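Colleague: Can you read through this structure? Questions will come right after.
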Amino acid sequence: MHLDHTHDTTPAALGADARRPDGARRALRIGLGGPVGSGKTATVAALCRALREELSLAVVTNDIYTCEDAEFLLREAVLPPERITAVETGACPHTAIRDDISANLEAVEDLEDEVGPLDLILVESGGDNLTATFSKGLVDAQIFVIDVAGGDDIPRKGGPGVTTADLLVVNKTDLAPYVGSDLDRMAADAKAQRAELPVVFQSLRTGSGVQDVAAWVRAQLAAWTA
Ligand SMILES: Nc1nc2c(ncn2[C@@H]2O[C@H](COP(=O)(O)OP(=O)(O)O)[C@@H](O)[C@H]2O)c(=O)[nH]1
Ligand SMILES: [Mg+2]
């Protein structure tokens, strides 16, 4: 588990492996993790719609036994099909993003070879639990997506995703009144867990917060390419 590494609050720094074999800068890789159903795929779709006119981007999805997330993104036509790749992870979705990242690395490298050059690759983890975080060898920055319907005590309970992700997205704010979630309390708890690390409250039903997440991604990319 990656509990011991230091977490920089500055946007992604240019890592040692930031160049492709031909010397060109590789794409910035941003991971999206979080529990099943919190809205990771929907956030990927929203980011693609917000950024696809200005950036060259691609997506890798991780599903346990199916390719449903990739199929959803294809159906929604958020990107041309050649820019969406599915990795089937088998039993433990966190393994493929944290321990044995080879299938995901191959997927991002193949995308760059086949449709590159790319500015940005979004890597969605298979929905797991509150502890699954990405290896730093796979992604340069990570977004953790939770939702208000999963319980408003999730920020207080913490865990590596909530406390250390570079961006925490609290999704489905439109549902808060129906499930009795206290958004102010979630914001205060998230602040207590994360100090200066950013949090965005988002609803993909109303669109609120979508531009804030896109702006955060743009800032990461600006730091990456600087
Ligand atoms: N009401 C509401 N539903 C949402 C929101 N975002 C996603 N959903 C729905 O939540 C379900 C799970 O979303 P999905 O993106 O597949 O979750 P994932 O398992 O984390 O990838 C889908 O039915 C989405 O349409 C939101 O902001 N508000
Ligand atoms: Mg998904």
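Colleague: Of the conditions (1) within 16 Å of ligand 1 (Cβ to nearest atom); (2) of a type in the set (A, V, I, L, M, F, W, C); (3) at positive phi, A195 clears all except one; give me its number.
Modeller: Evaluating A195 over (1) within 16 Å of ligand 1 (Cβ to nearest atom); (2) of a type in the set (A, V, I, L, M, F, W, C); (3) at positive phi leaves (1) as the failure.
Colleague: Restricting to region 87-108, name every residue that is more than 19 Å from V44 (Cα to Cα) and out of contact with any strand residue (DSSP E or B) (no Cβ under 6 Å at 6 or more places or on another chain).
Modeller: Matches in region 87-108: G90, A91, C92, T95, R98, D99, D100, I101, S102, E106.
Colleague: What's the total number of residues in region 50-96 that are at pLDDT below 85, assigned to a loop (DSSP other than H, G, I, E, B) and either within 16 Å of ligand 2 (Cβ to nearest atom) or not small (G, A, S) (or both)?
Modeller: Matching residues across region 50-96 total 5.
Colleague: Could you list, in sequence order, the residues of region 37-49 that are more than 13 Å from the chain's Cα centre (by Cα) and in a loop (DSSP other than H, G, I, E, B)? Can you show your working first?
Modeller: First pass over region 37-49, keeping only residues more than 13 Å from the chain's Cα centre (by Cα): 37, 49.
Selection gives G37 alone.
Colleague: Just name the residue that is farthest from Q202 (Cα to Cα) out of those in region 140-179 that are modelled with pLDDT of 95 or more, within 16 Å of ligand 2 (Cβ to nearest atom) and not acidic (D, E).
Modeller: Q142
Colleague: Related question: Output the residue which, of all residues in region 198-226 that are assigned to a helix (DSSP H, G or I) and within 13 Å of ligand 1 (Cβ to nearest atom), is nearest to R49 (Cα to Cα).
Modeller: Taking region 198-226 and keeping what is assigned to a helix (DSSP H, G or I), we get 210-225.
With within 13 Å of ligand 1 (Cβ to nearest atom) added as a condition, the list becomes 210, 213.
Numbers: V210: 10, V213: 12 Å.
Of everything passing the filter in region 198-226, V210 is nearest to R49 (Cα to Cα).
The values are calculated or read from the model by the stated rules, or taken from the named source; none is laboratory data. No experiment lies behind these values; they were computed from the predicted model shown. Note that each Cβ is placed from the backbone with ideal geometry, even for glycine, and that neighbours are counted across all protein chains shown.
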